[in-house]
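Participant: Quick one: structure below, then a few questions.
The values are calculated or read from the model by the stated rules, or taken from the named source; none is laboratory data. Bear in mind the structure is a predicted one, so any value in this text is a computation, not a measurement. So basically every Cβ, Gly included, is an ideal-geometry build from the backbone, and we count neighbours across all protein chains shown.
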Amino acid sequence: MEGFDSTDFVPLAMYGDEAEYTITKEKILVFYISYPVFEGSKTVFGSRFPVFAIRSERLFGYDTIWPVFDFLTWSMNTMYSGTFPAKNLAGDDLCSLGPNMRPNDPMYDGYKFRLVELRGDWKHHAHCFKLVNHWSCNDLCHCCKASKTNRLYPYTDFTRQPLWLSSIRTHAEFLAGQLNEPINSLIYTARFDYRFIRFCSVHTIQLGIAQFCHGGCFFELFKVGWFAGDDKASKMRHGFIRFKEFIRKHKIECSQPPFKSYMYVTAGEEYCYFGSKASWHQDGS
C-alpha cells in the first residue's frame with residue numbers, strides 16, 4: 001500500500017462472518033482480529049483471535065453493532081500509535097494501569113500495528129459499510145462501474161483490458177459515492193483505504209465455481225434420467241440418497257443437508273447452479 005513501510009508496523013487484519021451453530025440453523029456473527037504475516041503458530045488459532053460475537057437473532061440489522069465498530073476503530077488506532085491511550089472512546093481521561101503503563105507510555109514492547117485488510121464475504125461488507133452498489137444492483141461494484149445493464153462497462157468482461165478497468169474509483173470517489181449513512185467508523189482507522197475491503201476467496205471463487213459445476217452436473221444428469229422420480233423434487237430426493245451412499249462408501253463425513261428443489265436454480269441466471277454448501281472430512285484410516 002502506498003506510503004506503508006512494513007518494517008514500521010505489524011500488519012493487522014479484521015474478519016467477519018456469520019455461521020450456523022445449531023441443527024435448526026440459528027446463526028452467530030463473529031469478528032476476528034488476525035495477523036496475516038505471522039508464521040509462528042502451527043494452527044490458525046495462534047494468529048486469529050475472536051473479539052466479538054453475537055447471535056444473529058439478537059441483531060436489529062447491522063446497526064446493532066455500530067458501537068462495536070466504534071470501539072474497534074478506537075482500539076486499532078491506539079495500536080497504530082503504539083502508546084497507552086490517554087483518553088477512552090468517550091473522551092474521558094484515563095489513569096495509569098501500573099508501572100510503565102501510564103498514558104502515552106510505549107506498549108507492545110515498542111511494536112505498532114496497522115490495519116491492512118478487512119475480510120469477509122460480499123454480504124458482510126455490503127451490510128457493514130451500507131454499500132450503495134452490490135450484487136443485487138444493476139451497477140454492482142463498489143470499486144468500479146461494472147454493470148449488468150450498462151454496455152459501456154459489462155461486468156462479464158474478463159479480457160486482459162476489461163472496459164470497466166478505466167472506471168476504477170479513487171479512495172475519495174469511494175467515500176463520496178459508495179457509503180450510505182450511518183457511516184461505519186472503520187473508515188476512520190489510521191490511513192484507511194477502501195482497497196482494504198477484501199472478499200473471501202472461498203465465497204468469490206471456490207464456492208462459486210463449485211456451485212455452478214454442481215448445478216451443471218445436475219442439469220446433465222436430469223437430462224439423461226439418471227435419478228428416479230417424476231418431478232424435480234423426487235429426483236432431488238433420489239439424488240440425495242445416492243449421495244449419502246457415496247459418502248458412506250468412501251468414509252466421508254459431510255454436513256450437506258438433504259437436496260431441495262429450491263437449491264437447484266436456473267431462472268434468472270445465465271447458467272444453472274446448485275445453491276448449497278457444506279463442510280466435509282474424510283477418514284484417513
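Participant: Test Gly229 against the stated conditions and say whether it is loosely packed, with under 14 Cβ neighbours inside 10 Å, in a loop (DSSP other than H, G, I, E, B) and not charged (D, E, K, R). Outline the logic, then answer.
Facilitator: Values: loosely packed, with under 14 Cβ neighbours inside 10 Å: no; in a loop (DSSP other than H, G, I, E, B): yes; not charged (D, E, K, R): yes.
It is false that Gly229 is loosely packed, with under 14 Cβ neighbours inside 10 Å, in a loop (DSSP other than H, G, I, E, B) and not charged (D, E, K, R).
Participant: Any chance the range 259-271 includes a residue that's more than 24 Å from the chain's Cα centre (by Cα) and either within 19 Å of Ile23 (Cα to Cα) or at pLDDT 90 or above (or both)?
Facilitator: yes
Participant: Return the only residue of Thr149, Thr78 being farther than 24 Å from Phe31 by Cα and either assigned by TED's automatic domain parsing to the domain that holds Val37 or free of Cβ contacts under 8 Å to residues at least 40 places away in the same chain (or both). Give the steps one after another, and end with the answer.
Facilitator: On the way: Thr78 fails: farther than 24 Å from Phe31 by Cα.
Criteria check complete, one pass: Thr149.
Participant: Among the numbered conditions (1) surrounded by fewer than 17 Cβ atoms within 10 Å (Cβ to Cβ); (2) at pLDDT 90 or above; (3) of a type in the set (Lys, Arg), tell me where Lys25 comes up short.
Facilitator: Among (1) surrounded by fewer than 17 Cβ atoms within 10 Å (Cβ to Cβ); (2) at pLDDT 90 or above; (3) of a type in the set (Lys, Arg), Lys25 violates only (2).
Participant: Further question: For a quick check of your reading of the model, give me the residue pairs whose first member lies in the range 121-142 and is farther than 22 Å from Ala19 by Cβ, whose second is assigned to a loop (DSSP other than H, G, I, E, B) and among the small types (Gly, Ala, Ser), with beta-carbon atoms closer than 7 Å and at least 6 apart or on different chains.
Facilitator: Leu140/Ala146
Participant: Here is a list of conditions, (1) farther than 15 Å from Gly216 by Cα; (2) at pLDDT 90 or above; (3) surrounded by 10 or more Cβ atoms within 10 Å (Cβ to Cβ); (4) in contact with a strand residue (DSSP E or B) (Cβ under 9 Å, 6 or more places away or on another chain), and Arg237 meets all of them except one; can you say which number that is?
Facilitator: Status for Arg237: all satisfied but (4).
Participant: Continuing with the same structure: What residue, among those in the range 204-220 that are farther than 18 Å from Ala267 by Cα and of a type in the set (S, T, N, Q), is modelled with the lowest pLDDT?
Facilitator: Ranking the candidates gives Thr204 first.
Participant: It is to be established whether one or more residues within the range 156-172 are touching a strand residue (DSSP E or B) at 6+ places or on another chain (Cβ under 7 Å) and either touching a residue at least 24 places away in the same chain (Cβ under 8 Å) or outside any helix (DSSP H, G or I) (or both).
Facilitator: Step one: filter the range 156-172 for residues touching a strand residue (DSSP E or B) at 6+ places or on another chain (Cβ under 7 Å), giving 163.
Still in the list and also either touching a residue at least 24 places away in the same chain (Cβ under 8 Å) or outside any helix (DSSP H, G or I) (or both): none.
Scanning the range 156-172 turns up no residue that is touching a strand residue (DSSP E or B) at 6+ places or on another chain (Cβ under 7 Å) and either touching a residue at least 24 places away in the same chain (Cβ under 8 Å) or outside any helix (DSSP H, G or I) (or both).
Participant: I would also like to ask the following. Out of the range 60-102, which residues are in contact with an Asp or Glu (Cβ under 8 Å, 6 or more places away or on another chain) and over 27 Å from Pro36 (Cα atoms)?
Facilitator: Within the range 60-102, the first condition is being in contact with an Asp or Glu (Cβ under 8 Å, 6 or more places away or on another chain), and the residues that meet it are 83-84, 86-87, 89.
Within the range 60-102, Ala86, Lys87 meet the criteria.
Participant: If you don't mind, there's one more thing I want to ask. How many residues are buried (at least 16 other Cβ atoms within 10 Å of the Cβ), in a helix (DSSP H, G or I) and not hydroxyl-bearing (Ser, Thr, Tyr) if we restrict to the range 37-67?
Facilitator: Summing the residues that are buried (at least 16 other Cβ atoms within 10 Å of the Cβ), in a helix (DSSP H, G or I) and not hydroxyl-bearing (Ser, Thr, Tyr) in the range 37-67 gives 1.
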